[in-house]
1. Restricted to segment 13-48, and to residues that are of a type in the set (A, V, I, L, M, F, W, C), under 12 Å from the mean Cα position of the chain (by Cα) and outside any loop (DSSP other than H, G, I, E, B), which residue is surrounded by the most Cβ atoms within 10 Å (Cβ to Cβ)?
2. Suppose we filter N10, N6 for residues that are within 26 Å of T80 (Cα to Cα), open to solvent by 60 Å² or more (accessible area, probe 1.4 Å), in contact (Cβ under 8 Å) with a residue 12 or more places away in the chain and not hydrophobic (A, V, I, L, M, F, W, C); which single one remains?
3. Sort through E1, E58 and tell me the only one that's surrounded by fewer than 14 Cβ atoms within 10 Å (Cβ to Cβ) and either at pLDDT 95 or above or out of contact with any Pro (no Cβ under 6 Å at 6 or more places or on another chain) (or both).
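The values are calculated or read from the model by the stated rules, or taken from the named source; none is laboratory data. Predicted, not measured: the structure shown is a model, and the values here were computed from it. Here the Cβ is made from the backbone with ideal geometry for all residues, glycine too, and neighbour counts use every protein chain on show. To get the accessible areas, we keep the full protein, side chains included, count just its heavy atoms, and leave off ligands, DNA and RNA. Shrake-Rupley method; radii C 1.70, N 1.55, O 1.52, S 1.80 Å.
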Amino acid sequence: EETLWNIAGNLNVSLTLEPALMPGHRIRVYLDGEETMVTGTSFQLEEVFRGAHNIQAEVVDATGRMLIRSQPIRFYVQQTSVQNRARATPAPR
């Protein structure tokens, strides 16, 4: 339920695993239901734009069998709009 501001569509993700990722194991990530495979615990997902998103990760073995799965995490991406900038103080008359 965290809000991320002005990430320019790039979401940096870092996972903590205990025990560490074993040889042959990979991480399968679901962002809004779309699957992505990654090989490390720190990576960047692109094209994550304004709105509400869900992310979840799984550790899979060499055959693709799921070994463990995280709880889904919901987050929000916001972009500062030029229409919502703080208005300059009007000059005295």
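1. Quick first cut of segment 13-48, residues of a type in the set (A, V, I, L, M, F, W, C) only: 13, 15, 17, 20-22, 27, 29, 31, 37-38, 43, 45, 48.
From what's left, under 12 Å from the mean Cα position of the chain (by Cα): 13, 15, 29, 31, 43, 45, 48.
Checking which are outside any loop (DSSP other than H, G, I, E, B) leaves us with 13, 29, 31, 43, 45.
On the way: V13: 17, V29: 19, L31: 17, F43: 15, L45: 17.
Once the filter is applied, the top-ranked residue is V29.
2. Details: N10 fails: open to solvent by 60 Å² or more (accessible area, probe 1.4 Å).
Selected residue: N6, the only one of N10, N6 that is within 26 Å of T80 (Cα to Cα), open to solvent by 60 Å² or more (accessible area, probe 1.4 Å), in contact (Cβ under 8 Å) with a residue 12 or more places away in the chain and not hydrophobic (A, V, I, L, M, F, W, C).
3. Values: E58 fails: surrounded by fewer than 14 Cβ atoms within 10 Å (Cβ to Cβ).
Only one candidate passes the filter, namely E1.
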